[in-house]
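Contents: one structure, followed by commentary.
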Amino acid sequence: MTASRSTGHESDQALVTAYRGGNEQAAGELVQRHGVALGRYLYSSGAPAGEIDDLVQETFFRAFRALDTWRGDAAFRSWLFRIGGNLRKDLYRREGGRQVVSIVETDAVDHADPEGQVIAHDQAARIRVGITRLPRLQREVFLLRVQEGLPYDEIACNLGTTPGAARVHYHHAVQRLKGLLT
Amino acid sequence: MTHPIHLSDRMPQVARGAASWSPEEMAHLTSCAECRAEWQVVELGATVGADLTDRMDLAGIAARVVADRARRTPLPKALSFRRASWVVATAAAAALLIMVARPTSAPESAPAVALLPELEGMSAEELELVFDVLPAADGWTVPGTNLGDLDDGELERVLRTLEG
């Protein structure tokens, strides 16, 4: 797995080094670079849309306070996902295990094809709820695969499993989710 | 119907717009209900939360993250403002006690300062700061000038002397 994610400008590693050296703008750049992906990951894992900004912010707070524990052997984004995932789990526990997944948070219905849009809206909502109810590893493998486009070996590295096991988790996740659409 | 193995592996890339289906793959998806269902799951899964891009206040989050760092940057010598204020206040109290309690014609062995329990919780570095601002008192014999050089026993004796 690559230790940093370069998007045509400074790598994550370079930004972290700059941040450690006192360059505060490097922190802002890392937020801009990974904030949305982190928000989508948390939202797809069941966090309410109204709490995404707070969760993302708290994740970055914790990440920057614990920056010395990031050794650069995993992608910075994956490390953030781990911190954010733990934060969401803590929140879920504090709420007594209740998880309310709204199904009206997707885009408004397209009036040009209202029937088709209602069906698409319904299916998207089912998939989102279905993802939140997957076992943790299945959910994380599925999201890293379809939203981040990571290959199995990188997913395995991120989640501390093997590429073969990651493939199996992905297969089971897809099978479960397919069942929600029939 | 046989399912092309690579089709499943390519689905995430196509769903994210990083690749597209070939005509043969498209034909298979049209005719195979099982692969079509899998494609639908992947396609929908890839779009969950896609609209967050417009709804998140990334600039605000970035500003607060930077501000959090500024709040947490330690002062030189790792002495926080609150701790430093406490040290100065304790030193001032100690100085006041010494001036009030110092006897006008005390024997050399008499204690020069009243009990000051706040001193017990201080580190050697903080005690040094206190001593730096204390007025010189007659009859004090502090072994050495640098408290950081003292061992625990010596430091204890200094404290006992101070507390009487």
Compute the separation of the alpha-carbon centres of the range B:4-35 and the range A:67-85 and state it in Å as a whole number. 32
Tell me the label-point distance for the pair residue B:154, residue A:67, using the 7 Å Cα-to-Cβ offset, in nm and rounded to one decimal. 4.0
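Where does the charge balance sit around residue A:83 when Lys and Arg score +1, Asp and Glu -1, over other residues with C-beta under 13 Å from its C-beta?
Details: positive: A:62, A:65, A:77, A:82, A:88, A:89; negative: A:58, A:90.
With Lys, Arg at +1 and Asp, Glu at -1, the net is +4.
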Within the under-12-Å Cβ sphere about residue B:40, not counting residue B:40, Lys/Arg +1 and Asp/Glu -1 give a net charge of 0
Can you tell me the FRET efficiency between residue B:54 and residue A:126 if r is taken as the Cβ-Cβ distance and R0 is 25 Å, rounded to the nearest 0.05? 0.60
Measure out, as a whole number of angstrom, how far apart the alpha-carbon centroids of the range A:14-31 and the range A:160-182 sit. 36
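Values quoted throughout were computed directly from the atomic coordinates according to the rules given, and no laboratory measurement underlies them. Only a predicted model underlies this, so the values are computations on that prediction, with no experimental measurement involved. Don't worry about glycine lacking a Cβ; one is built from the backbone with ideal geometry, like all the others, and counts go over all protein chains shown.
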